[in-house]
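In what follows, a single structure is set out as structure tokens and then discussed.
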Amino acid sequence: MSGDPGLRIHRPRGEIRGVAVVLHGGRSESSLPVRPSQVAVLRMIPFDRALRHAGARHGLAVVRLLFRVRGWNGRLESPVHDARWALDRIRDRFPAVPIALLGHSMGGRAALRVADDESVTAVVAVAPWLPAGEPVNDVEGARILIMHGTRDRMTDPRTSAAWAVRARAAGAQVSYVSVRGARHAMLRRARLAHDLASGFILGALWDMPAAGTADGPATNPLRRALAGEPSLVV
């Protein structure tokens, strides 16, 4: 692999008080370069917009990370190295601000792998690819939300739920949200997914009170996830 990953930064007006990094999905194996026009990359644009809309007045900068190659690639763990590279660059540019991660599929797996970084305060993993036996790093310092659709056939919601159980046993604060009827791309209930992700990140970064979501009042389910309720169905 050559060159650096891509970073696209959207800055709010005024002081930057936090950073959210958006990580796209990919494939299990591929050394082909990532292109901005790929579906996995485009899927993250609505999450990016939701974060910018909700967080701009609070000083949230939103960073879209473009991995160098499409695949995880076994022991190479290509997106993990790219994510750690991005965290280093973000700290250089915005020192001493908390960082949140929002990843889908392979990007969700990468986000959870680097949740042990001392700058990471919150992680949202949407339909993450978490094979059986996926390790749980030292993630006690981060608040974690995992969302998975009940009709996902590309990544397994059962292994996501099992990872959440193991992470909680290791001392992490993890909420697992089962999204009824949603498939891998979470398009059927997209607004709910976008609202939950952005609301959770803002609440975790700054202990903000939960706002409402597209499916109902703040008490169900966003406030419950921010309170660390382990398992919810929406």
Just checking, does the stretch 136-156 include any residue being part of a loop (DSSP other than H, G, I, E, B), crowded, with 22+ Cβ neighbours inside 10 Å and at pLDDT below 95?
yes
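Can you tell me which of ASP88, ASP116 is charged (D, E, K, R), part of a loop (DSSP other than H, G, I, E, B) and open to solvent by 30 Å² or more (accessible area, probe 1.4 Å)?
Details: ASP88 fails: part of a loop (DSSP other than H, G, I, E, B).
Only one candidate qualifies: ASP116.
Of all residues in the stretch 56-80, which are part of a helix (DSSP H, G or I), more than 14 Å from LEU102 (Cα to Cα) and touching a residue at least 12 places away in the same chain (Cβ under 8 Å)? Quick ask: steps written out before the conclusion?
Filtering the stretch 56-80 down to residues part of a helix (DSSP H, G or I) leaves 56-58, 74-76, 78-80.
Next, only the ones that are more than 14 Å from LEU102 (Cα to Cα) stay: 56-58, 74-76, 78.
Those that are part of a helix (DSSP H, G or I), more than 14 Å from LEU102 (Cα to Cα) and touching a residue at least 12 places away in the same chain (Cβ under 8 Å): ALA56, ARG57, HIS58, GLY74, SER78.
Being under 22 Å from ALA204 (Cα atoms) and either open to solvent by less than 30 Å² (accessible area, probe 1.4 Å) or not hydroxyl-bearing (Ser, Thr, Tyr) (or both) narrows it down to one residue among GLY26, GLY71, GLY59; which is it? Write out each step before concluding.
On the way: GLY26 fails: under 22 Å from ALA204 (Cα atoms); GLY71 fails: under 22 Å from ALA204 (Cα atoms).
Within the list GLY26, GLY71, GLY59, the selection yields GLY59.
Please state which one of ALA214, ALA193, ALA197 is surrounded by fewer than 16 Cβ atoms within 10 Å (Cβ to Cβ), under 24 Å from VAL62 (Cβ atoms) and either at pLDDT below 90 or not acidic (Asp, Glu) (or both). Break it down stepwise before answering.
Details: ALA193 fails: surrounded by fewer than 16 Cβ atoms within 10 Å (Cβ to Cβ); ALA197 fails: surrounded by fewer than 16 Cβ atoms within 10 Å (Cβ to Cβ).
Step by step, each of ALA214, ALA193, ALA197 is checked, and only ALA214 is surrounded by fewer than 16 Cβ atoms within 10 Å (Cβ to Cβ), under 24 Å from VAL62 (Cβ atoms) and either at pLDDT below 90 or not acidic (Asp, Glu) (or both).
Among what's in the stretch 29-43 and is in a loop (DSSP other than H, G, I, E, B) and farther than 16 Å from PRO5 by Cα, pick the residue that is least open to solvent (accessible area, probe 1.4 Å).
Start the filter on the stretch 29-43 by keeping residues that are in a loop (DSSP other than H, G, I, E, B), which leaves 29-32, 34-38, 43.
When the remaining residues are screened for being farther than 16 Å from PRO5 by Cα, the result is 29, 43.
Working: GLU29: 118, ARG43: 28 Å².
By that ranking, first place goes to ARG43.
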Pairs, first over 15 Å from GLY108 (Cα atoms) in the stretch 37-48, second aliphatic (A, V, I, L, M), C-beta under 7 Å, six or more apart
PRO46/ALA190
Members of the stretch 27-45 that are within 17 Å of the chain's Cα centre (by Cα) and under 25 Å from ARG93 (Cβ atoms)
VAL41, MET44, ILE45
I want to confirm something. Restricting to the stretch 43-63 and keeping residues that are among the basic types (Lys, Arg) and touching a Pro at 6+ places or on another chain (Cβ under 9 Å), which single residue is nearest to ARG8 (Cα to Cα)?
ARG52
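The values are calculated or read from the model by the stated rules, or taken from the named source; none is laboratory data. Small disclaimer: the values here were computed from a predicted structure and weren't measured. Neighbour counts are summed over all protein chains in view; Cβ atoms, including those assigned to glycine, are modelled from backbone coordinates with ideal geometry. To get the accessible areas, we keep the full protein, side chains included, count just its heavy atoms, and leave off ligands, DNA and RNA. Shrake-Rupley method; radii C 1.70, N 1.55, O 1.52, S 1.80 Å.
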